[in-house]
Amino acid sequence: ANRTHYRDVALIEDESWEVLGRVDRSEEISVRFALRQRNLDILEDTLMSVSDPRSPKFHQYWTKEQIMELVSPPLVEQQLVVSWALESGCSYAESFGDFVKVTCPVADLERMLGDVEIVEVRDVRLGESAPKIITGQYSLPHPIARVVEFVQNLAMNVHKRRLSSFRVPSSIPREGARPRYQEPSEDQVIPATLFNLYNISHTISTLSSQSVAEFSNFGYLESDLTAFDNGCGLPKPNPIKAVGSFSPSPPNVECTLDVQMITSVGQNGTNFYYTVDGWVLDFAQELLQSNDPPMVNSISWSSDERTEGYSYNSRTDAEWQKLGTMGVSVLAASGDDGAVGTSRCSGNHWYFNPGYPATSPYITSVGATMLVGKPTTSSSEAPICSEPGHVCAENGSEEPADENLGGYATGGGFSVYESRPSYQDTVVTGYLNDNSIPKPPASYFNNSNRGFPDVAANGYNILIYRGGRWETVGGTSAATPIWGGVFALVNDVLLKNGKKPLGFANPFLYQMFADGKGTFTNIGDLTTNNDDGCQYGYTSNPNGWDPVTGLGTP
């Protein structure tokens, strides 16, 4: 009776989950208790004032200590949770300001959370298992619940999905698909192609740093990265510092793609590779706990925003706000399922289902494009281009990446929960009010919410080297680390001139667009969209922002 009940996301039993049985009750597991924070309104105001180029406080970043002092609950409340955990049988409990990490025998943890059952659950799609409360329900004593917002991960049965770098076939339009007026080019996109498309000719000479985040222990091979750089005529990148452990072999497509894209665009940057146990909240917390987090962080993963729920997303948003207030940039892939989102055409008869973290107003959301028609090609752009079976694109025109011909469609649309941030008000309103652009039925999306993506880059027929051979892949998961490298280049210029890094870049990006539309290359027209072969999608805006490719490419 003296307990507060929490309801998280129950496991929906289907073939994508496998319940393996009770966890041994003597086994010790670690969990995090997210503590209720204070002054979140001040945090958001501070983020916007240090990120808005028109603000007198632009780029006057705060330290981690200043931010933690602002938002963390009083020390006495933190200590209450630590003492309760230790008295309840946990072998370790420590406060990190806004969360408490504990390690406890399962039997004690089950009792602490209101006599729950903790079972081992395997995510079949990911091939990994974790301890879970499959009902999604638990309880805490009232005094503890007054301090604890929720327990992280343990009762949230949600698929985290690697945006799965589609292997690109020689495209044949699907049965019934409406072909676009220009087919995608099958010429291979290498770093030199990106340099030509986006006028990149810069190499980093400061400590400008960049990272990719992975949420499983898959990895990449250093030998593949060396072969990629040699084949693409690139200098050897700086060593990649691993944070967390991963298994490099067999090399994973996504991890390989992430590393090869960010290091080839952000050339000579300081490189990090994060392997995160948990989900995006855990990653944000790890960045905040680091004394010198990477300045730019790229995420090519997603989870269903609607299923994940408002409380988890808003909590994670607060962590992105803290990072932005410290001058750290975060980018996330907008998804590869077009406007409809995770459940594809069949599951979404009444609404679209976007993915998080791409829908967060506090990160930069990245969509994907593809080369169309007949790009100029070259056999001398890089050593690989003169080898049999390789035709390297040199330059050309781009359209939104689109399933009808391209194997997937760039994600975009409007968040389910997140209200529209002021920095994009003008362009989103302009899009919504332009009656020449067809829109999906009003019931499918909330047009007063956050529109995404913010920007886009190439994500089709990208050449990578994996497991000792060349292959082509695509996805917003390629476009995101490309933009991550671009941010690292911009940071290098800023640092060289004695300025602070970009930090939370969106207010700056939208202001640049307002000041001169030529800053970005507009992608698509009234014939292109991201319907993913389904009944509805968003149509491109020939003159500005749209929920297909955002403001455009660099």
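Treating cross-link reach as a plain straight distance, find the aspartates and glutamates whose alpha-carbon is under 12 Å from the alpha-carbon of LYS132, omitting any fewer than eight places away in the same chain.
Those aspartates and glutamates meeting the cut-off are ASP8, GLU18, GLU110, GLU117, GLU120, ASP123.
Enter the accessible area per residue of the chain (Å², integer; probe 1.4 Å; all protein chains in place).
So the chain comes to 38 Å² accessible per residue, rounded to a whole number.
Of all DSSP beta bridges located in the chain, what percent are antiparallel, nearest 5?
Taking every DSSP beta bridge with both residues in the chain, the antiparallel ones total about 65 percent.
Dividing the convex hull volume of the Cα atoms of the chain by its residue count, what figure in Å³ per residue is obtained?
Measuring per residue, one finds 146 Å³ for the Cα hull of the chain.
If we sort 439-449, 505-515 on the protection proxy, mean other Cβ atoms within 10 Å, highest first, what's the order?
505-515, 439-449
Report, ordered by chain and residue number, the aspartates and glutamates lying within cross-link reach of LYS499, taken as a straight Cα distance under 18 Å and ignoring same-chain residues fewer than 8 apart.
ASP52, ASP292
So for each of 214-223, 60-69, 476-485 I average, over its residues, the number of other beta carbons within 10 Å; can you give me the resulting order with the highest mean first?
The densest-packed peptide leads the list: 476-485, 214-223, 60-69.
Round to the nearest 10 and give me the degree value, 0 to 90, for the angle of helix 222-231's Cα axis relative to the longest principal axis of the chain.
20
Would you work out if the stretch 429-525 is rounded, prolate or oblate? Take a ≥ b ≥ c from the square roots of the eigenvalues of the alpha-carbon gyration tensor; rounded if a/c is under 1.5, else prolate when a/b is larger than b/c, oblate otherwise.
oblate
Can you give me the long-range amide H partners of THR377? Hydrogens built in the peptide plane at 1.01 Å from N, cutoff under 5 Å, separation of 5 or more residues or another chain.
GLU394
What are the ³J(HN,Hα) couplings of the stretch 67-77, residue after residue, when phi is run through the Karplus curve with 6.51, -1.76, 1.60 and θ = phi - 60°? Round to Hz, x for glycine and proline.
Once rounded to whole Hz, the list reads 5, 5, 5, 5, 9, 5, x, x, 3, 4, 6.
Which value at 222 nm does the chain reach when only helices count, each DSSP H run of 4 or more adding -39,500 (n - 2.57), with the total divided by all residues and rounded to the nearest 500 deg cm²/dmol?
Result for the chain: -8000 deg cm²/dmol, rounded to the nearest 500.
Could you check how much of the accessible area of the chain is carbon and sulfur, as a whole percent, using a 1.4 Å probe?
For the chain, the apolar C and S fraction of the accessible surface comes to 50 percent.
Ranked from highest to lowest mean number of other Cβ atoms within 10 Å per residue, what is the order of the peptides 371-380, 11-20, 301-310?
Put in order of decreasing packing, that is 301-310, 371-380, 11-20.
Tell me which residues come under 5 Å, amide H to amide H, from GLY114 once H is placed; ignore anything under 5 positions away on its chain.
Counting only residues 5 or more places away or on other chains, the set is SER139.
Give the distance, in whole Å, between the Cα centre of the stretch 289-312 and the Cα centre of the stretch 497-543.
Using only Cα atoms to place each centre, the spacing works out to 21 Å.
Applying the Karplus parametrisation 6.51 cos²θ - 1.76 cosθ + 1.60 with θ = phi - 60° to the phi angles of the stretch 499-514, what ³J(HN,Hα) value in whole Hz is obtained for each residue in order, glycine and proline being reported as x?
9, 8, x, 3, x, 6, 8, 4, x, 5, 4, 5, 5, 4, 4, 5
Show the residues, 5+ positions off or on another chain, whose built amide H is closer than 5 Å to the amide H of GLU149.
HN-HN under 5 Å from GLU149: ALA34, LEU35, ARG36.
So which of LYS374/LYS439; LYS64/LYS496; LYS236/LYS496; LYS160/LYS236 end up more than 28 Å apart, counting from Cα to Cα?
LYS374/LYS439; LYS160/LYS236
List, in order, the whole-Hz ³J(HN,Hα) value for each residue of the stretch 548-554 obtained from phi through the Karplus relation with A = 6.51, B = -1.76, C = 1.60 and θ = phi - 60°; use x for Gly and Pro.
Using θ = phi - 60°, the values come out as 10, 10, x, 6, x, 9, x Hz.
Using alpha carbons only, how many angstrom separate the centre of the stretch 316-338 from the centre of the stretch 222-272?
22
Relative to the compact globular guide of 2.2 N^0.38 Å, what is the alpha carbon radius of gyration of the stretch 251-333, as a ratio?
Normalised Cα radius of gyration, the stretch 251-333: 1.14.
Treating the angle as unsigned and between 0 and 90°, give the value, to the nearest 10°, between the Cα long axis of helix 280-289 and the longest Cα principal axis of the chain.
Once rounded, one gets 80 degrees.
Which whole-number percent of Cα pairs in the stretch 495-554 have a distance greater than 20 Å?
Beyond 20 Å sits 40 percent of the P(r) for the stretch 495-554.
Could you state the number of Å between the C-alpha centres of the stretch 351-371 and the stretch 420-468?
The distance from the Cα centre of the stretch 420-468 to that of the stretch 351-371 comes to 7 Å.
For helix 476-496, what angle does its Cα long axis make with the longest principal axis of the chain, in degrees from 0 to 90 and rounded to 10?
Between helix and principal axis, roughly 90 degrees.
The values are calculated or read from the model by the stated rules, or taken from the named source; none is laboratory data. Since this is a predicted model, take the numbers as computed values, not measurements. Neighbour counts are summed over all protein chains in view; Cβ atoms, including those assigned to glycine, are modelled from backbone coordinates with ideal geometry. Protein only, heavy atoms only, side chains kept; ligands, DNA and RNA dropped before computing areas. Shrake-Rupley method; radii C 1.70, N 1.55, O 1.52, S 1.80 Å.
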